Amino acid sequence: MTTSSAGVTIRRMAESQNGLVTGEQAISAGLSRCVIRRRVRLGEWKCVGNDTYLIYGAPSAMVYLRAAVLAFPAVVSHQSAAQLHGLGYGPFTGAVATVPSRRTYRFRGVQVHQSTDLDRRYVTHIAGFPVTNPIRTLFDLASVTEIDELLGIAQKALARRRVTFEGLAEILEELGRRGRPGTTRFRKLLEEVSPGCVAPESVMEEKMIALLSASDLPMPTLQMPLPWRGPVKGRADFAYENARVIIECDGRRWHTTMEAFEKDRRRDNLAQLNGWRVLRFTWHDLTERPARVLDQITQALRPAA
C-alpha cells in the first residue's frame, strides 16, 4: 500500500475516533514506525500518550478520553460518564475513565480509576465510547460528589426514567461494602430518595416552563409568595397575577402523606376564598397529556382576557 492510500485509510479511521489513531492502526494501514516518528517530529502528528496520535484537531477532554479508550481497556466513568449521559452534572472539564483491573494505568489528561467489579452489564456505548450506564455512573459519583449534588442528579435521573430505585438499591447491595469510597454516601442517597419518586418539583417546573415556552401562552410568575394572609404560608409554583390563577406541579404519587395532602387542600381552599383558582398537574399530565394541560390553562386565563 502506498503512503498516499495509507493516509486515506488512516484519515477515515481518525474521523470516527476524534482525530486519533494508534500506532498499530497506522502500521496496519501501511505506514512504518519510521514514517510515524517523522510525522511526530515534523509536528504533523501529536503523540498524546501510549502510542496514540492526534493527526488533526486540538487536544481536549474528549480527545484524551478517546485516546485512553484506544490505548487500553478503559471505560468512560464518573463525572465524564455523567456528562455523556446528560445527567446534569455541574461544570466539569476533565476526563475520567475506569479500567477493569487492579493494575495502575496512567494516561495524559485522564484521571484513571481501577475497578475489579466493572461488569459488562454496567457498560453501554455512547458516540462510540464505552461508558458506565446511568446506574453505575451514579454509584461511582457517590465517591466524588457531595450528597446534595448527588441527590439532585439522582432525582433528575429517576424523573427522566434513566434509572429506577430498584436498580439503585440492587447496585448498592451488589457493590457497596464497608470501606469502599462512596458506599456510605450512596446509602444515604437511597434513604433520601423515595421508592415511589416520580419527579421532584424542580424537574416538573422545568418541564412546565418548557411546555409554556413552546406555546402561545404568556409566562407566569415563578415561585410567587402566596398573596394572602393566613396560617398556611409558602409559595406558588407558578402564578398569573392578573388572572388570579395559580398552577401547582404535584410531584408526589397517590401515596403522598396525609399531612401533605391536607396542607395542599388547605392552601387550595384559602386560594378560592381569596379569589384565586388553582390548577394542579402531575408528572403524568405534563408528559402524557401536555395538550390538555395547555388547554386547561388557556381556559383558566380566558375570563381575565
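Take each of the peptides 238-248, 289-299, average the number of other beta-carbon atoms within 10 Å over its residues, and list them starting from the highest.
On the way: 238-248: 19.5, 289-299: 14.6.
Output ranking for 238-248, 289-299: 238-248, 289-299.
Sum up the charges of everything whose Cβ sits under 15 Å from the Cβ of residue 64, counting Lys and Arg as +1 and Asp and Glu as -1, but leave residue 64 out.
On the way: positive: 46, 66, 106, 108; negative: 51.
Net charge around residue 64: +3.
Students often check this: by mean Cβ neighbours within 10 Å, which of 65-75, 97-107, 80-90 ranks highest, and how do the rest follow?
Numbers: 65-75: 22.9, 97-107: 16.1, 80-90: 20.7.
My ranking of the peptides, most packed first, is 65-75, 80-90, 97-107.
When only the Cβ of Lys, Arg, Asp and Glu is charged (+1, +1, -1, -1), the dipole of the chain relative to its Cα centre reaches about 980 debye.
Can you put 54, 175 in order, fewest other beta carbons within 10 Å first? Working shown, then result.
Working: 54 22, 175 19.
Sorted ascending by nearby Cβ count, the order is 175, 54.
Only helical runs count toward this figure. For the chain, summing -39,500 (n - 2.57) over DSSP H runs of n ≥ 4 and dividing by all residues gives -13500 deg cm²/dmol at 222 nm. DSSP bridge analysis restricted to the chain gives an antiparallel fraction near 65%, rounded to the nearest 5. Extent along the principal axes, Cα only, for the chain: 86, 50, 27 Å, with the longest axis given first.
Ranked by how many other Cβ atoms sit within 10 Å of their own Cβ, fewest first, the residues 193, 163 fall in the order 193, 163. Roughly what % of Cα-Cα distances in region 64-192 sit above 26 Å, to the whole percent? That fraction is 15 percent. Taking Cβ atoms as reference points and 11 Å as the exclusive limit, the residues near residue 112 contribute a net charge of +3, counting Lys and Arg as +1 and Asp and Glu as -1.
Could you run the Debye sum over the Cα atoms of region 1-97, one equal point scatterer each and no solvent, and tell me log10 of I(q)/I(0) at q = 0.24, 0.25 Å⁻¹, two decimals? Here log10 of I(q) over I(0) equals -1.21, -1.29.
For a modelled paramagnetic label at residue 28, 7 Å from Cα along Cα-to-Cβ, the residues of region 36-78 in reach, with backbone nitrogen under 13 Å, are 70-71.
Can you give the net charge of the other residues whose Cβ lies under 12 Å from the Cβ of residue 190, counting K and R as +1 and D and E as -1?
-2
Put +1 on the Cβ of every Lys and Arg and -1 on every Asp and Glu Cβ in region 64-192; which of 101, 167, 138 then has its Cα farthest towards the positive end of the dipole? Positive-end residue among those listed: 101. Annotation: region 3-57 has a Kirkwood hydrodynamic radius of 10.8 angstrom, from the mean reciprocal C-alpha pair distance.
Throughout, read-outs are computed from the coordinates displayed, never taken from laboratory work. Here the structure is a predicted model, which means the values were calculated and not measured. Note that we place each Cβ from the backbone using ideal geometry, even for glycine, and neighbour counts take in every protein chain shown.
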